[in-house]
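Undergrad: One structure, as structure tokens, below. Some questions next.
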Amino acid sequence: MKPLYISATGQDSGKTSVICGLIQHLRNLGHRPGYCKPVGQRYVMFEGHSVDEDAVLALQAFGFKDQPQDMSPIAVAEGFTAKFIMNPDVSALEKQITDSFDRLKKQHSMMIVEGTGHAGVGSCFGLSNARVAQMLDANVIIVSSGGIGI
């Protein structure tokens, strides 16, 4: 089954909540979904690795047995972008994501992938939400706030 990439039009829009509900529903249906947040911008130290806080939530809430660094391969630390600008080679970052993703895919019947908090994050170092979804050959759902049309 093709991966499902959950993105958003802005931060704090409910992506993680949608993903948690989706993972639980898929489990209830008998699937073995996996989770990955390829580019994380809010990270914590977890088991000796910089891991996005949403990946830690998924690990703990769903009891995933995957390696935390595979669930969150790129942690955008302070100075990450400046370092990239001095050596603008995205291929190593892309390989890190695809290698982690390939390991996860072997353990799960399908993958749920969480995009960054803002659509522009990652674009300055070649890993926008659109690019990562393309790399992983994922279908995309965009979460946005509601409103009334004019």
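The values are calculated or read from the model by the stated rules, or taken from the named source; none is laboratory data. Computed from a prediction, not measured in an experiment: that's the story for all the values here. As a convention, Cβ positions derive from the backbone with ideal geometry for all residues, glycine included, and neighbour counts pool all protein chains shown.
Undergrad: Can you spot a residue in region 31-52 that is more than 18 Å from V140 (Cα to Cα), of a type in the set (D, E, K, R) and touching a strand residue (DSSP E or B) at 6+ places or on another chain (Cβ under 6 Å)?
TA: Yes, some residue in region 31-52 is more than 18 Å from V140 (Cα to Cα), of a type in the set (D, E, K, R) and touching a strand residue (DSSP E or B) at 6+ places or on another chain (Cβ under 6 Å).
Undergrad: Scanning for something among the aromatic types (F, W, Y), touching a residue at least 12 places away in the same chain (Cβ under 8 Å) and within 23 Å of C124 (Cβ to Cβ), does region 40-54 turn up at least one residue?
TA: Within region 40-54, one or more residues are among the aromatic types (F, W, Y), touching a residue at least 12 places away in the same chain (Cβ under 8 Å) and within 23 Å of C124 (Cβ to Cβ).
Undergrad: In region 111-125, what residues are of a type outside the set (A, V, I, L, M, F, W, C) and either touching a residue at least 60 places away in the same chain (Cβ under 8 Å) or under 13 Å from S72 (Cα atoms) (or both)?
TA: Those that are of a type outside the set (A, V, I, L, M, F, W, C) and either touching a residue at least 60 places away in the same chain (Cβ under 8 Å) or under 13 Å from S72 (Cα atoms) (or both): E114, G115, T116, G117, H118, G122.
Undergrad: Within region 99-117, which residues are within 19 Å of D70 (Cβ to Cβ) and not in a helix (DSSP H, G or I)?
TA: Within region 99-117, K106, Q107, H108, S109, M110, M111, I112, V113, E114, G115, T116 qualify.
Undergrad: A further question follows. Read through the list (1) touching a strand residue (DSSP E or B) at 6+ places or on another chain (Cβ under 9 Å); (2) part of a loop (DSSP other than H, G, I, E, B); (3) surrounded by fewer than 20 Cβ atoms within 10 Å (Cβ to Cβ), then give the number of the only condition that Q96 fails.
TA: If we test Q96 against (1) touching a strand residue (DSSP E or B) at 6+ places or on another chain (Cβ under 9 Å); (2) part of a loop (DSSP other than H, G, I, E, B); (3) surrounded by fewer than 20 Cβ atoms within 10 Å (Cβ to Cβ), just (2) comes out false.
Undergrad: Just to be sure I understand, how many residues within region 66-89 are among the charged types (D, E, K, R) and touching a residue at least 40 places away in the same chain (Cβ under 8 Å)?
TA: 1
Undergrad: If you don't mind, there's one more thing I want to ask. Answer with yes or no whether T98 is closer than 22 Å to M1 by Cβ and either free of Cβ contacts under 8 Å to residues at least 60 places away in the same chain or of a type in the set (D, E, K, R) (or both).
TA: Yes, satisfied.
Condition check ((1) under 16 Å from the mean Cα position of the chain (by Cα); (2) assigned to a helix (DSSP H, G or I); (3) surrounded by fewer than 19 Cβ atoms within 10 Å (Cβ to Cβ)) across all residues:
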| position | (1), (2), (3) |
| --- | --- |
| M45 | no, no, yes |
| S50 | yes, no, yes |
| D54 | yes, yes, no |
| F64 | yes, no, no |
| T81 | no, yes, yes |
| I85 | no, yes, yes |
| A119 | yes, no, yes |
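Undergrad: Go through region 3-43 and report how many residues are in a loop (DSSP other than H, G, I, E, B) and either of a type in the set (V, I, T) or at pLDDT 95 or above (or both).
TA: 8
Undergrad: Does S145 fit the bill of being of a type in the set (S, T, N, Q) and not in a loop (DSSP other than H, G, I, E, B)?
TA: For S145, the condition - of a type in the set (S, T, N, Q) and not in a loop (DSSP other than H, G, I, E, B) - is not met.
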